[in-house]
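Worksheet: the structure to be examined is printed underneath.
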Amino acid sequence: MSRERSPHLTTTSRTCKRDRCKMTRFLPLLTASLIALAAPMALPGPGFAQDNLFAPRLVINDQAVTEFEFQQRRLFLQLLRAPGDLDKVALDGLVDDRLRMQEAKRFKVTLKEEDVRKGMEEFASRANLSADDFIKALGQAGVEPETFRDFVTSGLVWREIARGKFANYAKVSDEEIDRAIEAETRKMALTVAVSELIIPAQPGQEEAALDLARRLSREIRSEGAFAAAVANYSAAASRQRGGRLDAMPLANLPPQISSVVLPLAPGQVSPPVPIPGGVALFQLRSITEGKPTDAAPVEVEYARLTLPAESAAQMAMVQTKAQTCKDIYGLLPDLPADQLVVEKAAMSAIPADTGLTLARMDPGESVMRARGAAQELLMLCSRAPVSETPVDREGLRVRLVNQKMEKMADQYLARLKADAIIRTP
């Protein structure tokens, strides 16, 4: 039997870098405009077991999730305007939290009170509130402080477990960092043409507006149908144009809107997007890639190896064996300086023919070109955005490591769920 590695956890002594401490995976990004906490909200009606709140709703490995916990989590998610089927999202989240906390007990993971408090403050700050003000607002809507605390604690504990189990396996090489930088420069500017439908919602009418938006999102199948719905329901100034907005760069849209527009195919309608005073729907009319000149300025490093035409065999050997520009020096160590030149320049400063060739290449790729009585091997060493400040390779490494650990943690949690005994009493 293989021995399972126990996480090495020192939550009280570790000082996190800012990027590492953001719980972007476990704690959803909030903005004050997407939270409606001003007025008390009634608990869900049908199916609410008021006479037996502490009866088990579900049992995970002999540990119960009560009806009270389920209703609290559902209400919490409702206040956060979480998308999807709230019953399913709430129950799935509680199952995940039980499994996380069971693993924490198995590995003896504990948190100091100040660590939990910091996590609560960080979460509340996403709504521009202190933890105390956030808890007070939740309480006015019927959510107990323990519901918020348990939600945050589960995320913090799981983050520590992921670090302990996977930090030694989530290594990132210099080549992976180079590819990530390269990927950034290859992003084309996306231009989208969308139509909008803004359904107003007076205080107390938010759920009705959301239900209408959900129905329209399911039923609308054409631009004509969307325009008709705009005429009937939209309160936006674009109503006179059938909701049509001028084409714009995707980057110009707020993140919470661009994230729902980007996955759409032309003609499709987005899920409802809660906004202050209403609910929005968006229909994608078209999406196009911008021209290469629309992208951010790019700087490339490239090597030019020039040999006489009769050195074809030597040139072929270099092209076959060299994986990076540095390899060329090792393969041909005694070359005169003018025969192997490595240059770094902005694409705008490179001759058009060379620039066009480099634009088609990935780092490490090479091509042969005739140069009169000589042959030239052109290899792309690296490509990066032009910036006044150097690329933060170490910061990028941290982000890539976190992404790897996140993926490993997701797979680990999926295995725990597959192996768990989950039953309805």
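The values are calculated or read from the model by the stated rules, or taken from the named source; none is laboratory data. As the structure is a prediction and not an experimental result, all values here were calculated from the model. Don't worry about glycine lacking a Cβ; one is built from the backbone with ideal geometry, like all the others, and counts go over all protein chains shown.
Structure notes:
- Qualifying residue in segment 371-392 (condition: among the β-branched types (Val, Ile, Thr) and either in a strand (DSSP E or B) or modelled with pLDDT of 90 or more (or both)): no
- Long-range neighbours under 6 Å by Cβ, at least six apart or interchain, first residue part of a helix (DSSP H, G or I) within segment 412-425, second modelled with pLDDT of 95 or more: Leu416/Leu99
- Here Arg214 meets each of (1) within 19 Å of Ala82 (Cβ to Cβ); (2) in the same structural domain as Arg415 (by TED's automatic domain parsing); (3) assigned to a helix (DSSP H, G or I) with one exception, condition (2).
- Selected residue (only one of Arg383, Arg393 is of a type in the set (Lys, Arg) and in contact with a strand residue (DSSP E or B) (Cβ under 7 Å, 6 or more places away or on another chain)): Arg383
- The set of residues from segment 330-354 being assigned to a helix (DSSP H, G or I), out of contact with any helix residue (DSSP H, G or I) (no Cβ under 7 Å at 6 or more places or on another chain) and modelled with pLDDT of 90 or more comprises just one member, Gly330.
- Matching residues, segment 51-94, being surrounded by fewer than 18 Cβ atoms within 10 Å (Cβ to Cβ) and either of a type in the set (Val, Ile, Thr) or assigned by TED's automatic domain parsing to the domain that holds Pro271 (or both): Val59, Thr66, Val89
- Residue list for segment 140-154, restricted to those being surrounded by 15 or more Cβ atoms within 10 Å (Cβ to Cβ), more than 28 Å from the chain's Cα centre (by Cα) and assigned to a helix (DSSP H, G or I): Pro145
- Subset of segment 116-132 [touching a residue at least 40 places away in the same chain (Cβ under 8 Å), in contact with a helix residue (DSSP H, G or I) (Cβ under 8 Å, 6 or more places away or on another chain) and either surrounded by 21 or more Cβ atoms within 10 Å (Cβ to Cβ) or in a loop (DSSP other than H, G, I, E, B) (or both)]: Gly119, Phe123, Ala127, Asn128, Leu129
- Leading residue by the ranking (farthest from Met405 (Cα to Cα)) among those in segment 160-177 that are part of a loop (DSSP other than H, G, I, E, B) and small (Gly, Ala, Ser): Ser173
- Filter pass, Gly204 being in contact (Cβ under 8 Å) with a residue 60 or more places away in the chain, out of contact with any Asp or Glu (no Cβ under 8 Å at 6 or more places or on another chain), on the phi > 0 side of the Ramachandran plot and crowded, with 16+ Cβ neighbours inside 10 Å: no
- Residue check for Lys118: closer than 24 Å to Glu160 by Cβ and out of contact with any Ser or Thr (no Cβ under 7 Å at 6 or more places or on another chain): yes
- Filter result (more than 21 Å from Leu253 (Cβ to Cβ) and of a type in the set (Asp, Glu)) within segment 191-236: Glu206, Glu207, Asp211, Glu219
- The residue list Ile199, Ile177, Ile135 contains one member that is surrounded by fewer than 21 Cβ atoms within 10 Å (Cβ to Cβ) and touching a Leu at 6+ places or on another chain (Cβ under 7 Å), which is Ile177.
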